[in-house]
Amino acid sequence: MNASTYRNRRNELAKRIGPNGIAIVPTASEQQRNRDSDFQFRADSYFYYLSGFNEPKAWLVIAGDGHSTLFCQPKDMEREIWDGIRVGPQAAPEVLGVDAAFSVTELNDQLPGLIDGRDVVWFPFATHKGLESTVDGWLNAVRARVRYGTLCPEQQRDLCGVLDEMRLMKDAGEQDTMRRAATISAGAHVRAMQLSARMLREGKELREYHLDAELLHEFRRHGSQYPAYGSIVAAGGNACVLHYRADAGLVRDGELVLIDAGCELDGYASDITRTFPANGKFSAAQRALYDIVLASQVAAIAATKAGARFTDPHEASVRVLAQGMLDVGLLDKNKVGLVDDVIEQRSYFQFYMHRTGHWLGMDVHDCGAYTEPSELGIRNERKDALTGETIVNRPARILRSGMVLTIEPGIYVRPAHGVPQEFHNIGIRIEDDAIVTDTGCELISRGVPVEPEAIEALMRV
C-alpha cells in the first residue's frame, strides 16, 4: 500500500473526530524476551493502519483539520549500525506522507501545543500501559498556562470505537493482501499434510514440531514476516485442546492431526484450520465426524452474505452439528431429545464449545463490534440453559460487503461416560477465511482442500 492509502485513512479519521478534535496514537512498545534479547518488533495495528510505519518508539498525532504529525526516532549512525536504518524526522514527510515530523525526544515539548485549543482529545483507551497518565501530563501542562490564554480540552474520548469501524470494512488493497496471505498459508498446510503422510510411509518418527517447522518454512519462503499467531499443531487427543500449541507430541499412524495456522503478510493475518489423517486415510469413525463438521461449515458458508447477521452462520452450523451428534450417537436422543431440544438446552456444548467465527484483519481476532450499531437500544434477556446465568442479547451485526470473517465449526470428543469409544480423542475443526460480498462470500483460503477425498488424494503424493 502506498502513502496515499494511509493519508486517506488519516483524513477519514479527521472527519470522524471533528474539526476541534485531536487524535493521539502510539505504536507498540518493544518487548523484552529475555536478557539482552527482545521479541521481534511489530507495530501497533491502529498505528500501522494510519501510517504504514513499522519502527518502534513512534507516535502519530492527527488533528481534526487533517494535519498529521509523526514523532519518530532521530537518525543515529551508531544505533543504526546495530538496529537498522531509521527513516528519521527529516525524511518522514516525503516517505510517509505526513505533514510534519519531529524527533520522539520532542514529544513532551510539542504535545501541549498541539492539544491547546482543541475540544476533545482522542486516544485508544486501555491498550497501552501508562497512556492515560501520559495524556494527563500533557493536559496539565496546558492547564498550567491558562492565564496566558491556552485552552484545555474538556473531553477525552476513546479512539478505539472510531478506528474499529474504519478497520472493519476492508478496501480492495486490504482484501488483496489478505488473499495473498491466505494463499501462502494454504500452501503451508498442503506441505504439512504431505510431509505427515510421507514420513509415516517411510517409517520415520513424526512429531508435531516437524509439521510446525514445515509451516514456518513455507510462510517465510513466500515473504510472510511472521506467523499471525502461535500455530496449533495437535495430534490425536491433543486436538481436543482448543488452544493447544505445537509441541513435541508424537504423530501416530491412524490418528488425526489438527493444524490451525496462518501467516501474517504486510500487517494482515490469515487463519486456516484443517484436520487430516496423519497417514493420509480417514478411518470410518474419523470420516463420520469429519463429514458432520464439513456439512456444518457448508451450511455456515451459505448463511454468510451481505444483509445476514453475524450470528446466522453460527446458528446454521450448530443445527447441522447437533443433528449429526444425534445421528452418530454422540448424543442420546432418549436423554436429550430432538435437534431443537439439543439447541435450546445447549446439549451440543460438550462437543462444540466455541463460536463459528470472528472478524479477521490486521489482528487475527480483529477489531469491530459484533452488535449492530443502529440497534443498540434493542435488548432482551435469557437464562443460559447450562449455567443458569442471565444473558443480555442485542441484535447481531449485519454483514456488509468488505467485512472479513472466519468460518470454523468443529467437534471435540474427550473420553467420557456414555460417549462411544470409537470417537474418543477425536478433535476436528475446519476453518476458512471469507470476504463478505453482495451475493454471498468469497473463500480466500481454499488453496488447501476440505473434501476428505481431495485430502486423501493430496496426501498420496
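The values are calculated or read from the model by the stated rules, or taken from the named source; none is laboratory data. These numbers come from a predicted model, not from an experiment. Cβ sites come from the backbone with ideal geometry, for glycine too, and all protein chains shown count toward neighbours.
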So which residues in region 265-317 are touching a residue at least 60 places away in the same chain (Cβ under 8 Å) and polar (S, T, N, Q)?
-> 270, 273, 275, 279, 286, 296, 297, 304, 311, 317
What are the residues in region 120-143 that are in a loop (DSSP other than H, G, I, E, B) and surrounded by fewer than 13 Cβ atoms within 10 Å (Cβ to Cβ), if any?
-> 126, 129, 130
Residue among 246, 295 that alone is more than 20 Å from residue 432 (Cβ to Cβ) and either in contact with a strand residue (DSSP E or B) (Cβ under 6 Å, 6 or more places away or on another chain) or small (Gly, Ala, Ser) (or both) = 246
Could you list, in sequence order, all residues of region 430-461 that are in a loop (DSSP other than H, G, I, E, B) and surrounded by fewer than 18 Cβ atoms within 10 Å (Cβ to Cβ)?
-> 437, 438, 439, 440, 446, 447, 451, 460, 461
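Residue by residue, here is whether (1) more than 20 Å from residue 13 (Cα to Cα); (2) in contact with a Pro (Cβ under 8 Å, 6 or more places away or on another chain); (3) surrounded by fewer than 16 Cβ atoms within 10 Å (Cβ to Cβ) holds:
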site: 55; (1), (2), (3): yes, no, no
site: 61; (1), (2), (3): no, no, no
site: 70; (1), (2), (3): no, yes, no
site: 76; (1), (2), (3): yes, no, yes
Selection from region 196-223 of residues that are surrounded by 20 or more Cβ atoms within 10 Å (Cβ to Cβ) and without any contact (Cβ under 8 Å) to a residue 60 or more places away in the chain | 208, 211, 212, 214, 215, 218, 219
Taking region 237-248 and keeping residues touching a residue at least 40 places away in the same chain (Cβ under 8 Å) and buried (at least 20 other Cβ atoms within 10 Å of the Cβ) leaves 238, 239, 240
Strands (runs of 3 or more DSSP E) contained in region 221-293 and holding at least 3 residues modelled with pLDDT of 95 or more, farther than 16 Å from residue 209 by Cα and of a type outside the set (D, E, K, R) | 272-277
Kindly indicate whether residue 42 is under 24 Å from residue 161 (Cβ atoms), surrounded by 13 or more Cβ atoms within 10 Å (Cβ to Cβ) and in the same structural domain as residue 129 (by TED's automatic domain parsing).
-> yes
All positions within region 395-440 that are more than 22 Å from residue 353 (Cβ to Cβ) and at pLDDT below 95 = 395, 438, 439
Check on residue 4, loosely packed, with under 13 Cβ neighbours inside 10 Å, in contact (Cβ under 8 Å) with a residue 60 or more places away in the chain and not basic (Lys, Arg) | yes
So residue 151 fits all but one of (1) assigned to a helix (DSSP H, G or I); (2) modelled with pLDDT under 95; what number is the exception?
-> (1)
Hey, any hits in region 345-354 for a residue that's more than 30 Å from residue 438 (Cβ to Cβ), at pLDDT 95 or above, out of contact with any strand residue (DSSP E or B) (no Cβ under 7 Å at 6 or more places or on another chain) and of a type in the set (Ser, Thr, Tyr)?
-> yes
Taking the stated definitions as given, is residue 110 in the same structural domain as residue 142 (by TED's automatic domain parsing), over 32 Å from the mean Cα position of the chain (by Cα) and not hydrophobic (A, V, I, L, M, F, W, C)?
-> yes
Out of curiosity, is residue 95 touching a residue at least 40 places away in the same chain (Cβ under 8 Å), of a type outside the set (Lys, Arg) and over 19 Å from residue 22 (Cβ atoms)?
-> yes
Flag if residue 183 is part of a helix (DSSP H, G or I) and either surrounded by fewer than 17 Cβ atoms within 10 Å (Cβ to Cβ) or at pLDDT 95 or above (or both) | yes
Here the residues within region 256-295 that are out of contact with any Asp or Glu (no Cβ under 9 Å at 6 or more places or on another chain), farther than 18 Å from residue 229 by Cα and surrounded by fewer than 20 Cβ atoms within 10 Å (Cβ to Cβ) are 287, 291, 295
Considering each of 384, 332, 340, 366 in turn, give the residue that is under 22 Å from residue 298 (Cβ atoms) and among the charged types (D, E, K, R).
-> 340
Under 7 Å by Cβ, and 6 or more places apart or on different chains, what pairs join a residue from region 105-116 that is free of Cβ contacts under 8 Å to residues at least 40 places away in the same chain with one that is polar (S, T, N, Q)?
-> 116/150
